[in-house]
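The values are calculated or read from the model by the stated rules, or taken from the named source; none is laboratory data. Quick caveat: nothing in here was measured; it's all calculated off a predicted structure. FYI the Cβ positions are ideal-geometry reconstructions off the backbone, even for glycines, and counts take in every protein chain you see. Ligands, DNA and RNA are stripped out before the accessible areas are found, and what is left, the full protein with its side chains, is counted by its heavy atoms. Shrake-Rupley method; radii C 1.70, N 1.55, O 1.52, S 1.80 Å.
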Amino acid sequence: MSAAEIVMQRIDALGKISEEPGRLTRTFCSPAMRAANELVAKWMRQAGMITREDAIGNLIGRWPAQHPDAKIFLLGSHLDSVRDAGKFDGPLGVFVAIACVEHLRRKKIQPPFAIDVIGFADEEGVRYQTAYLGSKVLAGVFDEKDLQRRDADGISMADAIRQFGGNPDALKSSRLNLKKTLGYAEVHIEQGPVLEKKNLPIAIVSAIAGQTRAKIIFEGRAAHAGTTPMNLRRDALCAAAQFILAVENFAKTNRGLVATVGQIEASPGASNVIPARTILSLDLRHQSDSERNISSNALKNCAQKIGRSRGVSVKWQIVQETAAVPSSVELSHLLATAARRHQRQVPKLPSGAGHDAAVMASIAPVAMLFVRCKNGISHHPDESVKKEDVQVAINVMNDFLFGLAALHKKSD
Ligand code: HGY
Ligand code: MN
Ligand code: MN
């Protein structure tokens with residue numbers, strides 16, 4: 001069986017591990033994540049790796065170097081998913097990385113550095129609305145205040161970590177040794193239509209867009225749906241609806257900006273009561289941080305203006321901000337050199353999606369390889385990738401590690 005066929009098989013098997021019947025949802029520190037870590041750790045051990053979980057639940061497989069003091073190169077991606085997810089977003093990067101270690105083992109190649117394959121514990125931020133929890137711990141930029149966050153069932157992040165078998169009091173000790181970290185490379189589906197349009201399997205990622213995640217609360221007044229005249233209402237859901245369309249229109253008229261209201265909650269939630277309160281999520285992305293910040297302020301003013309016109313108060317809470325991150329020029333050059341051995345023309349694409357690489361870039365050079373996905377669909381069960389493209393990605397990553405080893409040997 002080819003390496004790509006094994007990757008596809010593993011993606012299918014992992015794709016069946018979900019916390020929701022009939023659809024794929026695997027969130028931070030859930031029982032499904034526990035089952036996922038066990039399964040992936042088994043494959044890592046079969047590949048000859050030593051496995052461990054760190055204090056927040058990142059799964060880490062080590063392919064040791066000859067020399068115990070050797071530096072470490074990091075590969076991987078995330079094992080958590082969004083709700084009703086596709087099965088490639090995250091796991092593809094972990095399984096291509098394991099395939100590279102299996103290649104080294106088969107060829108009895110011992111690079112001058114160790115390799116850690118990481119299955120990050122939480123990239124999507126579904127359970128606690130703040131993404132990158134796993135990579136933030138490894139990069140030493142985790143905000144301990146987040147441990148007090150509560151999920152929809154009122155479980156604090158600290159308790160969720162404990163229940164998972166992690167240790168919320170030991171997160172600092174999970175930080176990577178920066179002096180030993182050579183760099184990080186991640187293979188990920190493109191989650192967009194460009195490679196399909198160009199009819200190419202792979203691309204190099206030039207930069208990762210910055211993100212603002214906000215929570216917006218419109219507070220009006222509940223009243224009787226039958227007796228309250230239209231001009232005397234303080235309807236929080238109508239205010240939210242007007243704002244949501246304003247967000248869409250604002251993003252359509254600001255090049256490079258994408259804006260999404262993905263979640264909305266209306267209370268008290270009865271058909272004959274005028275909604276008193278709505279809580280919305282807002283996800284803003286742009287390759288330029290200043291443009292993103294200007295947009296965030298403009299939309300906050302827009303929400304407040306709508307609120308004033310409707311007698312509805314507005315609370316605007318920034319949940320998380322992640323700066324735009326350029327990939328490492330050197331590491332991307334090495335990756336592109338390897339890629340050109342398998343694909344004559346190798347485009348460079350910016351990533352509108354966030355990735356753990358955006359956080360890892362704060363402690364090490366990062367590079368990313370995009371793999372074509374069908375119709376650019378992602379965060380959807382129809383997400384799919386061709387086996388042939390996975391094989392190209394594995395071949396490129398094998399050559400990339402080979403090139404990195406040669407470079408490393410020269411510099412020693
Ligand atoms: O939302 C994102 O960009 C990524 O899938 N976490
Ligand atoms: Mn992802
Ligand atoms: Mn995703």
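Numbers below:
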quantity	calculated
Identity of the residue in the stretch 278-333, touching a residue at least 12 places away in the same chain (Cβ under 8 Å) and of a type in the set (Lys, Arg), that ends up least open to solvent (accessible area, probe 1.4 Å)	Arg292
Selection count, the stretch 356-388, where residues are surrounded by 16 or more Cβ atoms within 10 Å (Cβ to Cβ) and farther than 21 Å from Leu24 by Cβ	13
Near pairs, Cβ below 8 angstrom, 6+ apart or cross-chain, from the stretch 334-363 (within 16 Å of ligand 1 (Cβ to nearest atom)) to any residue that is at pLDDT below 95 and β-branched (Val, Ile, Thr)	Gly354/Thr322; Ala358/Thr322; Val359/Thr322
Which numbered condition Ile109 misses (of (1) in a loop (DSSP other than H, G, I, E, B); (2) within 16 Å of ligand 2 (Cβ to nearest atom); (3) farther than 21 Å from Phe164 by Cβ)	(2)
Odd one out for Gln66 among (1) of a type in the set (S, T, N, Q); (2) within 23 Å of Gly354 (Cα to Cα); (3) away from ligand 3 (no atom under 16 Å from the Cβ)	(2)
Strands (runs of 3 or more DSSP E) enclosed by the stretch 166-261 - at least 2 residues per element that are open to solvent by 70 Å² or more (accessible area, probe 1.4 Å) and of a type in the set (A, V, I, L, M)	none
Answer residue from the stretch 86-118, given it is open to solvent by 40 Å² or more (accessible area, probe 1.4 Å) and in contact with a Leu (Cβ under 9 Å, 6 or more places away or on another chain) and is nearest to Ala65 (Cα to Cα) among those	Gln110
All positions within the stretch 70-85 that are surrounded by fewer than 20 Cβ atoms within 10 Å (Cβ to Cβ) and within 13 Å of ligand 1 (Cβ to nearest atom)	Arg83
Any pair with Cβ under 6 angstrom, 6 or more apart, that starts in the stretch 56-76 at a residue that is part of a loop (DSSP other than H, G, I, E, B) and ends at one that is of a type in the set (Gly, Ala, Ser) and surrounded by 24 or more Cβ atoms within 10 Å (Cβ to Cβ)	Ile56/Ala121; Ile56/Gly134; Gly57/Ala121; Asn58/Ala121; Asn58/Gly134
Among the candidates Val126, Val117, Val94, residue that is more than 16 Å from ligand 1 (Cβ to nearest atom) and among the β-branched types (Val, Ile, Thr)	Val117
From the options Ala3, Ala55, Ala13, Ala35, residue that is among the aliphatic types (A, V, I, L, M), modelled with pLDDT of 95 or more, closer than 18 Å to Ala160 by Cβ and open to solvent by 20 Å² or more (accessible area, probe 1.4 Å)	Ala35
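One line per residue, one yes/no per condition, for (1) of a type in the set (A, V, I, L, M, F, W, C); (2) over 20 Å from the mean Cα position of the chain (by Cα); (3) farther than 22 Å from Ser135 by Cα:
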position	(1), (2), (3)
Ala276	yes, yes, yes
Ser309	no, yes, yes
Val312	yes, yes, yes
Ser328	no, no, no
